[in-house]
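The values are calculated or read from the model by the stated rules, or taken from the named source; none is laboratory data. Note that the coordinates shown come from a computational prediction; the quantities given were computed from them, not determined experimentally. Quick reminder, even Gly has a Cβ in these numbers, built from the backbone with ideal geometry, and neighbours come from all protein chains shown.
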Amino acid sequence: MKYVLSSALLLFACLNLPAMGAEEGALRLKKGDVVAFVGGTDLVRLQREGRLEAALTDHFREAAPKFRDLAWDGDTVYFQSTVRERWRRQAFGDLRNQLKRVGATVVIAQFGKIESLDGVDKIKDFVSAYEKLLDDFSADGRRVFLLEPMTFEWDGVGGPARERYVEAIRAMAERRKIVLLPNVGKDSAMAYARGLTGVAREPSPKLVKAVRGKHRLWNEYWRPANWKCLFGDDSRRVFSNAAHGRPSFRQEWETYPKLIEAAEARVLRGELPEVAEPAPLTGFKDADVKKELASFEAMDGFEVNLFADESLGVANPLSIRWDASGNAYVACSDVYPQIEPGALANDKVIRLIDVDGDGRADKSNVFASGLNVPTGMEVAPGRVYVGQGTELLELRDLDGDGKSDVRKTLLSGFGNGDSHQTINSFVWSPGGELWFCQGDGIESRVETPFGVSSLFQAGVFRLRPRELRLDGLLDDFMGPGNPWGVVFDDFGQSFVIDGAGGISYLTPASIPAKRRLRLPRIGRPGGYCGVECIGAENFPREMQGEFLLGDYKKNQISRFAVSDDGAGFRVQWRKPLLRSRHRNFRPIDVKVGPDGAIYVVDWYNPITCHQDDFYRHPGRDKTHGRIWRISPKGRALPIPKLAKASVPELLNALLSPQRWTRFKAKQVFDETLY
């Protein structure tokens with residue numbers, strides 16, 4: 001039987017309500033009502049956008065309802081992260097208890113879109129699971145409203161299967177006499193608002209901004225970064241404790257309910273939420289580039305110079321990459337390890353330009369700001385990819401002024417349980433895929449055109465950006481516990497390094513598998529972060545194909561080679577490329593640049609792991625940063641200009657002995673063809 005019911009009949013008849021006037025809708029709120037939103041990525045983004053909640057706030061202003069967002073990226077009727085993510089059940093209880101905890105009297109839920117990718121054969125299972133959820137939603141006298149699933153944002157995805165799921169939801173709503181709000185038109189927020197309120201008044205931009213500010217505070221409370229240090233096995237570590245006159249992590253987190261309450265009051269008064277002034281940034285008082293240069297011991301035949309520091313905006317740098325014109329991009333974070341309650345994150349990506357080609361940056365500008373601990377970054381023609389917390393962003397400079405004009409959330413749902421283990425160490429594979437890591441405090445569930453891609457605890461992601469196919473590799477401790485770097489050799493073999501656990505080869509695990517067979521460790525444990533394979537003709541022949549990695553605990557750039565060992569590999573350690581006697585030298589990214597030099601991202605900090613020191617420790621340096629450049633003496637290479645190269649020039653560049661040049665030429669050529 002094909003269930004077809006007009007939205008008008010479903011809206012009124014199913015509730016056995018009398019017909020309502022033009023200014024009435026399905027939802028009626030009174031004083032004391034609390035509306036909870038439950039669903040997946042679409043509802044997460046609707047809440048973050050703020051217009052739906054702002055429209056409801058405006059319409060029911062006299063009732064002064066409260067809104068609580070329990071939606072979670074990747075949630076389905078079968079799996080809700082707010083309950084299933086590690087330690088949340090212990091901290092907040094099951095779904096019914098969470099709804100009680102927030103005082104929910106109304107539930108607005110949306111499911112069915114991502115589930116439809118399972119196919120029509122799974123509709124019966126879907127309805128059965130949804131029915132159980134509705135029992136939880138409606139318990140304790142709560143009123144329930146359903147939102148029809150949106151259409152897919154990706155061309156060619158969904159189709160008839162999604163429509164069959166919508167029909168099943170309509171039939172279920174009719175049986176249970178629950179209102180189902182249709183998704184009519186391209187503007188989903190206002191379509192749902194019309195169905196709920198009976199009017200279509202667009203909320204003012206100021207009100208939307210105020211709601212967004214309140215929602216940001218709620219999100220930082222309900223889905224806090226570093227939650228494993230609040231509720232998990234790490235809650236007893238030094239990081240979470242009070243010290244130096246500052247409250248503990250838990251005490252600080254417990255201030256959020258009052259901030260949220262104050263923000264809600266300001267929303268109803270038509271005022272924007274107050275923004276807290278962050279504490280003054282601390283810095284190492286004896287920072288001195290000359291002394292730091294003097295502390296270096298480089299290999300014979302190599303020299304070190306400063307490429308950039310805080311005078312060009314580089315503070316707390318995390319990674320460095322280049323565009324096809326040879327301009328460098330550096331991701332920086334002074335928010336790390338934790339946002340302060342009520343403050344706005346303003347981490348940045350800095351663009352650096354070496355105008356005269358002398359190996360020192362001359363100019364800089366802020367390419368993007370307002371970021372929140374951007375632990376991953378890579379550059380492609382016309383775009384920069386940034387990983388921050390739960391999101392993968394695509395930033396674009398449309399007018400060529402070196403500043404991002406468009407910021408798009410490409411994918412979301414990556415875990416944020418530990419801010420030094422969020423998605424990190426972005427790198428392009430030889431085939432043009434984007435690979436990146438996550439650590440053992442992370443649980444990721446990401447909606448893609450191919451369904452929900454999950455990766456629990458430590459592992460590696462492989463993304464094909466154009467089709468958004470995201471594969472999780474090394475799921476659940478099949479590999480390193482805290483991976484912070486993936487690298488490919490000249491034959492495309494892949495290796496992964498660990499912030500605490502050594503080196504492993506990754507190639508045998510380059511297919512999604514959940515067999516829990518651990519990869520063997522082939523390199524001794526250390527503090528490794530950032531890795532690169534040497535492939536530049538200005539380096540000695542014997543070093544070609546060797547690897548460099550940031551060895552931040554030893555304050556050095558370590559070097560190793562690999563050789564065959566049966567079906568795997570063996571590591572042979574070589575003499576370090578660079579040592580430092582300065583304890584603040586913390587190399588966390590190492591990359592060969594377009595001129596054949598080695599660029600080292602120096603976090604520059606006396607404190608290494610945030611879990612082993614107080615999270616508000618005044619010794620954390622938040623004002624300095626260095627990009628060092630290591631080059632063979634007198635053997636700098638000219639920087640190729642590939643961004644505007646002709647097709648014959650690009651084809652010629654594909655024959656270059658420089659790995660960087662070959663790959664960038666391939667990227668530009670591929671973009672031209674695409």
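Can you tell me which residue is nearest to ILE114 (Cα to Cα) among those in segment 450-470 that are surrounded by fewer than 19 Cβ atoms within 10 Å (Cβ to Cβ) and free of Cβ contacts under 8 Å to residues at least 60 places away in the same chain?
Top of the filtered list is ARG469.
Do you know which residues across segment 319-369 are among the hydrophobic types (A, V, I, L, M, F, W, C), touching a residue at least 60 places away in the same chain (Cβ under 8 Å) and either in contact with a His (Cβ under 9 Å, 6 or more places away or on another chain) or farther than 17 Å from ILE598 by Cβ (or both)?
If the condition is that a residue be among the hydrophobic types (A, V, I, L, M, F, W, C), touching a residue at least 60 places away in the same chain (Cβ under 8 Å) and either in contact with a His (Cβ under 9 Å, 6 or more places away or on another chain) or farther than 17 Å from ILE598 by Cβ (or both), then ALA324, CYS332, ILE339, ALA343, LEU344 are the ones that fit.
For the condition under 17 Å from GLY359 (Cβ atoms) and touching a helix residue (DSSP H, G or I) at 6+ places or on another chain (Cβ under 7 Å), what is the one hit in LEU306, LEU272?
Exactly one of LEU306, LEU272 is under 17 Å from GLY359 (Cβ atoms) and touching a helix residue (DSSP H, G or I) at 6+ places or on another chain (Cβ under 7 Å), namely LEU306.
If a residue has to be among the hydroxyl-bearing types (Ser, Thr, Tyr) and closer than 23 Å to ASP288 by Cα to count, how many in segment 309-335 make the cut?
3
Could you list all residues from segment 167-189 that are hydrophobic (A, V, I, L, M, F, W, C) and either assigned to a loop (DSSP other than H, G, I, E, B) or more than 28 Å from the chain's Cα centre (by Cα) (or both)?
If the condition is that a residue be hydrophobic (A, V, I, L, M, F, W, C) and either assigned to a loop (DSSP other than H, G, I, E, B) or more than 28 Å from the chain's Cα centre (by Cα) (or both), then ALA168, ILE169, ALA171, MET172, ALA173, ILE178, VAL179, LEU180, LEU181, VAL184 are the ones that fit.
For segment 100-137, which positions are under 25 Å from SER235 (Cβ atoms) and not in a loop (DSSP other than H, G, I, E, B)?
Residues satisfying the conditions are LYS100, ARG101.
Which one of these is out of contact with any strand residue (DSSP E or B) (no Cβ under 7 Å at 6 or more places or on another chain) and under 30 Å from THR623 (Cβ atoms): ARG216, ARG269?
ARG216
If VAL446 satisfies every condition in (1) outside any strand (DSSP E or B); (2) within 15 Å of the chain's Cα centre (by Cα) but one, which is the exception?
Condition not satisfied by VAL446: (1).
So which of ARG250, ARG269 ends up being closer than 30 Å to ALA64 by Cα, surrounded by fewer than 16 Cβ atoms within 10 Å (Cβ to Cβ) and more than 31 Å from the chain's Cα centre (by Cα)?
Of the residues listed, the single one that is closer than 30 Å to ALA64 by Cα, surrounded by fewer than 16 Cβ atoms within 10 Å (Cβ to Cβ) and more than 31 Å from the chain's Cα centre (by Cα) is ARG269.
Looking at LEU398, LEU410, LEU434, can you tell me which residue is surrounded by fewer than 24 Cβ atoms within 10 Å (Cβ to Cβ), within 14 Å of THR41 (Cβ to Cβ) and among the hydrophobic types (A, V, I, L, M, F, W, C)?
LEU410
Among all residue pairs at least 6 apart or on different chains, which show Cβ distances below 9 Å where the first residue, located in segment 555-579, is assigned by TED's automatic domain parsing to the domain that holds SER504 and free of Cβ contacts under 8 Å to residues at least 60 places away in the same chain and the second is hydroxyl-bearing (Ser, Thr, Tyr) and assigned to a strand (DSSP E or B)?
From residues that are assigned by TED's automatic domain parsing to the domain that holds SER504 and free of Cβ contacts under 8 Å to residues at least 60 places away in the same chain, the pairs are ASN555/SER580; GLN556/SER580; SER558/TYR528; ARG570/SER563; GLN572/SER563; TRP573/SER558; ARG574/SER558.
Anything in segment 32-65 that is without any contact (Cβ under 8 Å) to a residue 60 or more places away in the chain and either among the β-branched types (Val, Ile, Thr) or in a helix (DSSP H, G or I) (or both)? List them, or say none.
Those that are without any contact (Cβ under 8 Å) to a residue 60 or more places away in the chain and either among the β-branched types (Val, Ile, Thr) or in a helix (DSSP H, G or I) (or both): GLU62, ALA63.
Among the numbered criteria (1) of a type in the set (S, T, N, Q); (2) surrounded by fewer than 17 Cβ atoms within 10 Å (Cβ to Cβ); (3) more than 25 Å from GLY415 (Cα to Cα), which single criterion is violated by GLN90?
The one condition GLN90 does not meet is (3).
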